[in-house]
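Reading through the structure tokens given below for one structure.
The values are calculated or read from the model by the stated rules, or taken from the named source; none is laboratory data. No experiment lies behind these values; they were computed from the predicted model shown. We place every Cβ from the backbone using ideal geometry, glycine too, and count neighbours over all the protein chains shown. All accessible areas refer to the heavy atoms of the entire protein, side chains included, with ligands and DNA or RNA removed. Shrake-Rupley method; radii C 1.70, N 1.55, O 1.52, S 1.80 Å.
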Amino acid sequence: MNETLTFRFLVLLLVASVCRSWSVYGPFSNFSAGRNATKRTNLVELAKKLNLTSLVDALRQTKLDNVVDHEGPFTLFAPTNDAFARRPDYCFNVPLKDVMKMHVGRGFYFSKKFKNDELISTLLSERTVRINVYRSNEIVTGNGREIIKVDNVASNGVLHILNDVMCSLYIGSAIVEINRCPSFSKFSRAVNMTNLYTLLDAKGPYTVFTPTDDAVAKLPSDFIIHLLNNITALKEVILYHIIPQVWYSPGFQDGLKLKTLQGSYVTLKLQNVIRINNATVTLPDATVSNGVVHSIDTVLIPPSLYISN
């Protein structure tokens with residue numbers, strides 16, 4: 001009788017131990033990684049070993065190394081030294097600490113668990129890293145930055161190497177970010193005229209090819225007047241710029257056809273530049289909370305309106 005009670009007690013202890021470990025590492029964890037954590041170095045030390053010196057310097061400058069070297073578990077999205085060296089100019093207008101917080105995801109996320117459009121919460125308040133899995137060219141991105149090496153395991157998390165820095169720190173949805181950009185004032189006004197604000201502020205996800213004011217100015221004046229007097233036609237034009245999926249440029253392929261919310265398709269052409277139909281993408285991969293915005297230099301016109309004209 002006593003032996004039976006002792007055996008049951010030991011079983012309960014074992015179950016309790018497993019449950020505690022699960023609550024710490026969560027459903028996306030590699031449990032064996034957590035169990036062997038003492039044999040591994042922390043994320044900052046791991047980044048040093050991988051020669052990600054620019055990342056380590058940025059963590060030190062922002063004092064985030066004091067968090068990432070022992071707290072967690074974290075998923076660290078780690079840009080290469082070359083990625084830091086070729087950051088776009090706008091990146092230097094964003095506080096470095098915010099940029100680095102965006103690269104630290106909360107919890108263990110191993111590559112085998114990546115799902116398309118999965119959102120990973122980060123240390124930057126109300127910001128996430130969107131994972132996109134492009135099966136056609138076997139590319140995986142984090143906020144549009146290609147993940148080139150995966151699953152470097154540390155004692156307090158996992159590190160994935162990026163080929164670019166995530167500098168596009170959005171505040172809100174596609175339409176919120178479009179409204180904030182002076183270069184998109186005409187497209188923004190058209191969205192509001194057609195009552196599509198709510199659509200572009202919704203969860204999505206969306207890809208929005210957004211024409212600049214200069215792009216709108218290239219349209220014939222009589223055609224602009226026609227659109228302003230025909231809200232149905234104007235709505236068709238706007239919906240032709242919206243894809244109900246997230247397509248960052250690393251996932252683009254020459255000849256790829258994307259179905260728009262208007263119902264017709266647009267076609268990608270990759271040469272020296274990225275073209276969508278007859279428009280050139282002038283600034284790709286601006287992350288927003290519900291997808292991505294690409295700036296274009298020409299308004300896209302649905303085939304139905306060409307036929308009508």
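Odds and ends about this structure:
- Helical segments meeting 24 Å axial Cα length and Kyte-Doolittle 0.0 threshold in the chain (DSSP H): 2-25
- The chain - mean residue ellipticity at 222 nm from DSSP helices (-39,500 (n - 2.57) per run, n ≥ 4, rounded to 500): -9500 deg cm²/dmol
- Residues with amide H under 5 Å from that of A154, placed H, sequence gap 5 or more: L159
- Among the trypsin sites (Lys or Arg not before Pro) within the range 90-146, those in coil by DSSP and having at most 10 neighbouring Cβ atoms inside 10 Å are K115, R135.
- For K149, the amide hydrogen comes within under 5 Å of the amide hydrogens of I161, counting only partners 5 or more places away or on other chains and with H modelled in the peptide plane.
- With contacts taken as Cα pairs under 8 Å and at least 6 residues apart, the range 232-295 reaches a relative contact order of 25 percent.
- Whole-number accessible area per residue in Å² for the chain, which is evaluated in the context of all protein chains at 1.4 Å: 50 Å²
- W247 sits among other residues whose Cβ lies under 15 Å from its own Cβ, and their net charge, with Lys and Arg +1 and Asp and Glu -1, is +3.
- Phi-based couplings in Hz for the range 273-281 (Karplus 6.51, -1.76, 1.60; Gly and Pro marked x): 10, 8, 10, 10, 6, 9, 9, 9, 7
- Among the listed pairs K48/K112; K235/K269; K48/K101, those beyond 23 Å (Cα-Cα): K48/K112; K235/K269
- Ligands, DNA and RNA left out, the accessible area of the chain computed with a 1.4 Å probe is 53% carbon and sulfur.
- Of all DSSP beta bridges in the chain, antiparallel share, percent nearest 5: 75 percent
- Where Rh is the Kirkwood radius over Cα pairs, Rg/Rh for the range 192-309: 0.94
- Taking a sphere under 11 Å around the Cβ of N163 and counting the other residues whose Cβ falls inside, with K and R at +1 and D and E at -1, yields a net charge of 0.
- Sorted on the mean count of surrounding Cβ atoms within 10 Å across their residues, most packed first, peptides 169-178, 153-162, 227-236 read 153-162, 169-178, 227-236.
- Net +/- balance of residues flanking I120 in space, Cβ distance below 14 Å, scoring K and R +1, D and E -1: +4
- Charge dipole of the chain about the Cα centre (unit charges at C-beta), most positive-ward option of V68, V140, G255: V68
- Here is the size of the range 76-191 from its Cα atoms: Rg then Dmax, 15.3, 52 Å.
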